[in-house]
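Here the structure is laid out as structure tokens; the discussion comes afterwards.
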Amino acid sequence: MLVRIVRMTFKAGARADFLRNFEENKLAIRNSPGCHHLELWEDEHDKNIFLTYSHWETEEALNQYRDSELFKTVWSFTKALFAAKPVAFSSKKLQEVKP
């Protein structure tokens, strides 16, 4: 399982546009082949910073999504709203510690 986190900083005033676009596309993203989980997070102190947290079956599944028309449409809209370059990284969970 691949965990993907993308941190995005938006221009002042772009928050509503981003949230509307995410709302319109979240189910299509989540239902992309190989996507097992999708969350949207908001920074605790800066309301213009959001993160997406997603689980992908494999890196290949993530790359197929990134090559899709859905991603190209969503990402082209989203990146026009950025105030700073997004930061993205992929990781594999090694352990989950439970009580």
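Residue pairs exceeding 24 angstrom between C-alpha atoms, taken from Lys26/Lys79; Lys72/Lys93; Lys11/Lys72: Lys72/Lys93.
For segment 2-90, the calculated P(r) over all alpha carbon pairs, in 5 Å bins from 0 to the bin holding the longest distance, is 3, 14, 25, 29, 18, 9, 2, 0 percent.
Please list, by residue number, every one of the trypsin sites (Lys or Arg not before Pro) in segment 8-89 that is coil in DSSP and has at most 12 other beta-carbon atoms within 10 Å. Each step should come with its number before you reach the end.
Values: sites: Lys11, Arg15, Arg20, Lys26, Arg30, Lys47, Arg66, Lys72, Lys79; in loops: Lys11, Lys47.
For trypsin sites (Lys or Arg not before Pro) across segment 8-89 that sit outside H, G, I, E and B with at most 12 neighbouring Cβ atoms in 10 Å, the list reads Lys47.
Since every read-out is calculated from the coordinates, none of them should be taken as a lab result. Predicted model only: the values in this text are computed from it and were never measured. When we count neighbours, we look across all protein chains shown, and the Cβ atoms used for this are built from the backbone with ideal geometry, even at glycine.
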